[in-house]
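The values are calculated or read from the model by the stated rules, or taken from the named source; none is laboratory data. In this text, all values refer to a predicted model and were calculated from it rather than measured experimentally. A quick note on method: Cβ atoms are made from the backbone with ideal geometry, for glycine too, and the neighbour counts reach across all protein chains shown.
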Amino acid sequence: MNVDVDEPGWEVDPDDEWGVAVITTVGRQLKLRREAVGMRAAEFGAAVGYGEDLVYKIEGGKRIPRREYLEQADEVLAADGLIAATWEDVRKVRYPKKVRELGKWEAKAVEIGVYECHSIHGLLQTPEHARALIEAAQPPYSPDDVERMVAARLARQSVFERDPAPSIHYVLEEAPLRRPIGGTMVWRRQLERLLDVGRMRNVMLQVMPLNCETHSGIDGKIELLKFADGTAVGRSDGAFNGRPTTDARHLRILELRYGTIRAQALPPRESLAFIEQLRGEA
């Protein structure tokens, strides 16, 4: 396959200094190796299945190379795995800086607790639902930004594949579950995704019903992540300026709020039955 046009989502973020440094270094090494074997950019591009313009952009640190590009380049330039190995660094900067930080926490946590009030949490979203949400933002994101954000959100979902699996708990509001973001089929697939995740042995999913007369989550989203060494980090939209905190007193407050919200929500079995009912209405 010869790629002659830019694909969205592979631009380098100029505000991500580490990302720029990594992609610039990888691009420079690719160029030096290509020149060392006496290949022109067009010739090299034909060999790896990319257009000449994209070869120049990757070598100039303007585009993030795909894994397939690096593997093909390694073979064509007889680099004995050295170029292919750079994917380990490239994949870390593939996604926005803020998402990488969140992904690091989720990848290490042994317990994850989330109360989400305005939408379905990112770890639970289907690709179509995630894209519809991001594309609805105002002012709108560029096509590159949309693709990067969707890919980053989906990459974080590898947390469900970890072994040993972390203990994960969600409380979701009823209203976002009823909102057909992206249309009926996208909405139905999203509800099916929630049912699939909610049935995992390490996941508990609860729904906060609209008819709940007492609700302790009006201050907004809460996230609590606990780690194997006994440390934890938490964040809430309505507390501590919305910033992540590791302060023991702050964490106790967030745990109290989250525990109360869990008690007010429907039990897990009833929550799944409720989502099943919504799917039947879709």
Give just the number: which of (1) touching a helix residue (DSSP H, G or I) at 6+ places or on another chain (Cβ under 7 Å); (2) not in a helix (DSSP H, G or I) does H250 not satisfy? (2)
List every residue pair whose Cβ atoms lie under 9 Å apart, where the two residues are 6 or more positions apart in sequence or sit on different chains, the first residue falls within the stretch 262-282 and is over 15 Å from M208 (Cβ atoms) and not assigned by TED's automatic domain parsing to the domain that holds N211, and the second residue, located anywhere, is hydroxyl-bearing (S, T, Y) and surrounded by 17 or more Cβ atoms within 10 Å (Cβ to Cβ). none
Select, from R131, R201, R193, R189, the only residue that is more than 30 Å from R66 (Cβ to Cβ) and either in contact with a Pro (Cβ under 6 Å, 6 or more places away or on another chain) or at pLDDT 90 or above (or both). R201
Checklist (1) farther than 30 Å from K226 by Cβ; (2) at pLDDT 90 or above applied to R66, failing item: (2)
Where residues in the stretch 24-38 are of a type in the set (A, V, I, L, M) and surrounded by fewer than 14 Cβ atoms within 10 Å (Cβ to Cβ), which of them is nearest to E147 (Cα to Cα)? L32
For helices (runs of 4 or more DSSP H) lying entirely in the stretch 39-120, having 3 or more residues that are surrounded by 18 or more Cβ atoms within 10 Å (Cβ to Cβ), among the polar types (S, T, N, Q) and not assigned by TED's automatic domain parsing to the domain that holds I261 picks out none
